[in-house]
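Visitor: This is the structure, below, for whatever I ask next.
The values are calculated or read from the model by the stated rules, or taken from the named source; none is laboratory data. Nothing here was measured: the structure is a model prediction, and the numbers come from that model. Here Cβ is always computed from backbone atoms with ideal geometry, including for glycine, and neighbour counts include all displayed protein chains.
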Amino acid sequence: MALLANRPLAIIPAPEAPMNRPEPRAPASLNNAQMRAVHHLDGPCLVLAGAGSGKTRVIVHKIARLLQHGLGPKQIAALTFTNKAAQEMRERAKALVGPRAAKDLAVSTFHSLGVRMLRADGTRVGLKPNFSILDSDDVLALIRDAGGCSDNALARRWQWAISLWKNQGLDADAAEATATGDDQRVAARVMRRVQERLQAYQAVDFDDLIQLPLLLLQRDAEARARWQAQFQHILVDEVQDTNAVQYALLKALTGERGLFTAVGDDDQSIYGWRGATIDNLKQLPLDYPALSVIALEQNYRSTGHILRAANAVIAGNPKLFEKKLWSDLGDGDPVRLIECDSEEHEAERAVARIQSLRAGQTDGGSTSGSTLRFADFAVLYRANHQARVFEQKLRAAQIPYKVSGGQSFFDRAEIKDLCAWLRLIVNNDDDPAFLRAVTTPKRGIGHQTLAALGEFAAPRKTSLFDALFAPSLAAALKGKAVDALHEFGRDVHTLQERATHTTGTEDAKALLLDWLSDIRYEQHLHDGEDSQKLAEARWRNVLDFIDWMARRCGGDEDTGGAAQRQSVLQVAQTISVIISLADRGDEQDVVTLSTLHAAKGLEWPHVMLASVNEGLLPFRSGDDDMTAERLQEERRLMYVGITRARYTLCVSTLKRRKKGRDTVIGVPSRFIGEMKLDEAKLQEDPRARLKKLRDAMAAKVAAAPGLR
Ligand code: ATP
Ligand code: MG
């Protein structure tokens, strides 16, 4: 069976049959509380409820209700946390309201909405129409450069600090004013330089995608009135994970009327480390005295044992809002606890569990009769790197899988190469993109030439690209170097020209393939890779990427707002946002490997929570102090993990675990005890059971006199 990781078309989402719904449920229905939330149309509404209680379902049904009420699809915005969640919501809405209306709904992430607003109105906040969007790696490089620092760890700390400031709505001046200690003051100074460079490159980072639209609405009355009129109702899923700036943007968009519906669960707030704040939930009733707060108490997802374990764990956290959560799905199977010798052993047991449940073996060893799909299973863990060993064992067992929340397809070097070119055609002032594109594939332009070009451009305050065409450049550089640079400039212009006018899937694909052939990109991959196989795999990724882009040009995919035909240039402009927040979202029959963070909002019939050990969950790096707040956030992660399961939950711990290069004794997580699993059976390893059986037989044989 082909593995997903090697499937060429894995990035093309198949829109039908979302993965997380293994079997059809009862016809769409709502309980009374859900109904109240859906029918509350004339004021702000907050649905505050525990996991699996149908919050996301409320949003989808409310979209249908608003349409019925007379709103046009374009007047409804639904904001989700990831692109994948947006896609899923669009699909669910499509099933309810039909494809026509669903197509025009503005279902997107906060970031995609930000892109849409800046695309329309960026010039009003000092951006050129074609600005670039830098992803986190580009920003890191910029920070290293601006801070004159080669220490990646330090640059990353600066990046965190700067991002947190931005998420609190602070600029460099305000950051410097609040900075405590020398480290923070240095970070604030780096922030100022980074902002200057972003401005010079006409580039924005992800945080700017929220902050600049907010500035726009705050400063520009005309734009504010227009956007407020555009969206007659805004729905927000997972509101507990919004940060201060996102909340401010929501407020600015809804204005005094406050026509919005927010749903969330404070017990699932797991992005505090990235600046999200539950304060928004506390602030909502103060900012909107007319706010209607609706609680949902019935959990429709999980069976009793699972839900009780989840409730028991989260009871250890202080309560922001009192919540009850019950399920009438019966007790179901007890939560399983498995003790494993090592990471490898844990992965083997996960594979064995998938195989035996699929073969119809229930936990008790009897056969259940129904066949499960691979997509009914998920293995969840705390950190990205934990996926590796599961991948190995699944591959060895020929079980197809996908990894979500880990290194993305789009982080691969070949895709980033192409993105650099695309960024450059969108925005000629994007110097980081220029430097990558001009050297990939190599065209005889070396570092000396580029340094000279940089020295030429700096005092003139032009971008590297503009400097290419300055008449006086010829005097500053060697003739051959100037010729090579000019040729590059012409290539970029040609692509830019064609990309502006090409729309539609087929034409876009032809254009992009032409371009790759012009720059001899396939040859470049073969030149740079010793192994032909690896070069071919990279080329296949490139072709996938081209397909993916072309389909967006045809308007086939979610484009962060209305789905319509777009030019290659338009798609190129949104690319870093789409790809950075994207989960490839394919709906194939595969096992999901996911971090707990990326599993938020999703559900699977059978879930395995892996490596639930002290140090891993709750996570602890080095000798960090585990503050009460951090421990609480880790506990919420555990709660999120448990509540992803519908029918069975298996929690495993490691007796010995790897820590860096060492192997250390594994201590079961405190969260295991907190689940209060009195009924849980410590499940025996089938290998050990077999061995016991063999030993017993051998003993019997040995004891039987006639057989000696
Ligand atoms: P989370 O907190 O994990 O995001 P949620 O509160 O958003 O969960 P949903 O994902 O909307 O919950 O719903 C959980 C499951 O329960 C889904 O499979 C959904 O279809 C089902 N469900 C929700 N409400 C009902 C209902 N009234 N009748 C039947 N099934 C329901
Ligand atoms: Mg949800």
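Visitor: Modelled with pLDDT under 90 and crowded, with 16+ Cβ neighbours inside 10 Å: which single residue out of LYS166, LYS251 fits that description? Give the derivation first.
Guide: Numbers: LYS251 fails: modelled with pLDDT under 90.
Of LYS166, LYS251, the one residue that is modelled with pLDDT under 90 and crowded, with 16+ Cβ neighbours inside 10 Å is LYS166.
Visitor: Cβ-Cβ under 8 Å, sequence separation 6+ or interchain: first residue in the stretch 515-537 and within 17 Å of PRO441 (Cβ to Cβ) and not assigned by TED's automatic domain parsing to the domain that holds ARG490, partner aromatic (Phe, Trp, Tyr) and modelled with pLDDT of 90 or more. Which pairs?
Guide: No pair meets every condition.
Visitor: Follow-up question, since we're still on this one. Taking only pairs six or more apart or across chains, which ones have beta-carbon atoms under 8 Å, a first residue in the stretch 229-244 that is touching a residue at least 60 places away in the same chain (Cβ under 8 Å), and a second residue that is within 12 Å of ligand 2 (Cβ to nearest atom) and hydroxyl-bearing (Ser, Thr, Tyr)?
Guide: ASP237/THR56; ASP237/THR80; GLU238/THR80
Visitor: Considering (1) touching a Phe, Trp or Tyr at 6+ places or on another chain (Cβ under 6 Å); (2) within 13 Å of ligand 1 (Cβ to nearest atom), say which one ALA77 fails and leave the rest.
Guide: Here ALA77 meets the rest and fails (2).
Visitor: So, one more: Taking the stretch 596-631 as the search range and keeping residues that are assigned to a loop (DSSP other than H, G, I, E, B) and on the phi > 0 side of the Ramachandran plot, which one is surrounded by the most Cβ atoms within 10 Å (Cβ to Cβ)?
Guide: Residue satisfying both the conditions and the ranking: SER611.
Visitor: With ALA481, ALA452, ALA467 as the choices, which residue is more than 19 Å from ASP145 (Cα to Cα), surrounded by 13 or more Cβ atoms within 10 Å (Cβ to Cβ) and in contact (Cβ under 8 Å) with a residue 24 or more places away in the chain?
Guide: Working: ALA452 fails: more than 19 Å from ASP145 (Cα to Cα); ALA467 fails: in contact (Cβ under 8 Å) with a residue 24 or more places away in the chain.
None of the other options fit; the residue is ALA481.
Visitor: Test each condition in (1) over 30 Å from LEU113 (Cα atoms); (2) surrounded by 24 or more Cβ atoms within 10 Å (Cβ to Cβ) for PHE260 and report the one that comes out false.
Guide: Every listed condition holds for PHE260 apart from (1).
Visitor: Only one of LEU41, LEU30, LEU67 is modelled with pLDDT of 90 or more and within 16 Å of ligand 2 (Cβ to nearest atom); which?
Guide: On the way: LEU41 fails: within 16 Å of ligand 2 (Cβ to nearest atom); LEU67 fails: within 16 Å of ligand 2 (Cβ to nearest atom).
Exactly one residue qualifies, and that residue is LEU30.
Visitor: Find the residue count for the stretch 591-632, including only residues that are of a type outside the set (Gly, Ala, Ser) and within 16 Å of ligand 1 (Cβ to nearest atom).
Guide: First, pick out the residues of the stretch 591-632 that are of a type outside the set (Gly, Ala, Ser): 591-593, 595-597, 600, 602-609, 612-614, 616-620, 623-627, 629-632.
After this cut, where a residue has to be within 16 Å of ligand 1 (Cβ to nearest atom) as well, the list is 592, 595-597, 600, 602-607, 609.
Final tally of qualifying residues: 12.
Visitor: Now for a separate question. Report whether or not MET117 is out of contact with any Lys or Arg (no Cβ under 7 Å at 6 or more places or on another chain), within 23 Å of ASN280 (Cβ to Cβ), crowded, with 20+ Cβ neighbours inside 10 Å and touching a residue at least 24 places away in the same chain (Cβ under 8 Å). If you could, list the steps in order and put the result at the bottom.
Guide: On the way: out of contact with any Lys or Arg (no Cβ under 7 Å at 6 or more places or on another chain): yes; within 23 Å of ASN280 (Cβ to Cβ): yes; crowded, with 20+ Cβ neighbours inside 10 Å: yes; touching a residue at least 24 places away in the same chain (Cβ under 8 Å): yes.
Taking the combined requirement at face value, the residue satisfies it.
Visitor: What number of residues within the stretch 267-293 are of a type in the set (D, E, K, R) and buried (at least 19 other Cβ atoms within 10 Å of the Cβ)? First the steps, then the outcome.
Guide: Of the stretch 267-293, the ones of a type in the set (D, E, K, R) are 267, 274, 279, 282, 287.
Narrowing further to those that are buried (at least 19 other Cβ atoms within 10 Å of the Cβ): 267.
Final tally of qualifying residues: 1.
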